[in-house]
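Please treat every number below as a calculation from the coordinates, not as lab data. Nothing here was measured: the structure is a model prediction, and the numbers come from that model. FYI the Cβ positions are ideal-geometry reconstructions off the backbone, even for glycines, and counts take in every protein chain you see.
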Amino acid sequence: MTNYICATCGVQHAETDAPPEHCPICEDDRQYIGYKGQRWTSIPELQREYHNRIEEVAPNLTGIGTVPGFAIGQRALLVRTPNGNVLWDCISLLDVATVEAVRALGGISAIAVSHPHTVGSLVEWSHAFDHAPIYWHADNREWVMRPDSAFVFWEGETQRLMDGLTLIRCGGHFPGSDVLHWAQGAEGRGALLTGDTMQVAQDRRYVGFMYSYPNMIPLNQRAVEGIVNAVEPYAFDRIYGGWWDLIVQNDAKSALKRSAERYIKAIS
Ligand SMILES: [Zn+2]
């Protein structure tokens, strides 16, 4: 029995004795099946060809991504706080070197995800760190590919994880798409960790909002305004997107507002 990983989205599935026929995540119109058709791999197979890059992004914030790039290539973020560490989003590969490096940083008290595309082998990660609870918005429940008792299906608009760390549901890309607000981030001015709930643009001065990024299906005005309004009560100066270099370094709250205005104008 193996927990197969879809090679296109990088999501690990429930145990089966043969590779599954379908990846519902990739068959959905927010994702896609790769050019070579539906392919599967596994953690032991990945360990032979890949390793993880673990690098400090800012004080108390560590990025974890896979080298060479695998599947959609997101990098996770480990936020360190005096009350425990939160892993934001996850990747497919876990190996001994990664477990040791993350333990040296204080381990993982909780895992939280922006949405079902950036979750990799998160149950495997939870098990490696004392079955850390996995915070997953209840509205995205049908997209859990490997059910486990570690899941905490939170409901409503916000979920406090610990001092200064709050999940905010924004919706849009997925009904339960959320961001993590880190009050101590950006040297105390506040930061949002967004995955692709807000996708940092290549110029790092704007963000975008899509129903499907790979298939280029935009969101409507109401959905975009919903995202902006959801984070309005929170102070933040920086946005960490879901990929290594996609960071809005300063003035991120204004960047979000001008991005929403530009976007709505483009679709109107
Ligand atoms: Zn996505």
Rule-of-thumb check for the stretch 26-154: C-alpha Rg over 2.2 N^0.38 Å? 1.04
List the lysines whose Cα sits under 20 Å from the Cα of Lys265, skipping any in the same chain fewer than 8 residues away. Lys253, Lys257
Below 10 angstrom from the Cβ of Thr2, what's the summed charge of the other residues (Lys, Arg +1; Asp, Glu -1)? -3
In whole Å, what are the extents of the stretch 133-268 along the principal axes defined by its C-alpha atoms, from largest to smallest? 43, 36, 27
Across the stretch 1-62, what fraction of all alpha-carbon pairs, as a whole percent, falls in each successive 5 Å bin from zero upward? 4, 17, 21, 18, 15, 11, 9, 4, 1
What Kirkwood hydrodynamic radius, in Å, does the stretch 33-104 give when the mean of 1/r is taken over all pairs of distinct Cα atoms and then inverted? 13.3
Counting only DSSP beta bridges with both residues in the chain, what percent are antiparallel, rounded to the nearest 5? 75
Could you give the dipole magnitude of the chain about its Cα centre, charging the beta-carbon of Lys and Arg +1 and that of Asp and Glu -1, in debye to the nearest 20? 780
Taking only the alpha-carbon atoms of the stretch 179-253, what semi-axes of the equivalent ellipsoid follow from 5 times the gyration tensor eigenvalues under a square root, in whole Å, largest first? 21, 15, 9
Helix-only [θ]222 nm of the chain, DSSP H runs n ≥ 4, -39500 (n - 2.57) each, per residue, nearest 500: -5500 deg cm²/dmol
Could you give the size of the charge dipole of the stretch 88-243 about its Cα centre, using +1 on the Cβ of each K and R and -1 on the Cβ of each D and E, expressed in debye and rounded to the nearest 20? 240
Average Cα contact separation per residue, the chain, under 8 Å, 6 or more apart, as relative contact order %: 14
Would you please report the Å³ per residue occupied by the convex hull of the alpha carbon atoms in the chain? 119
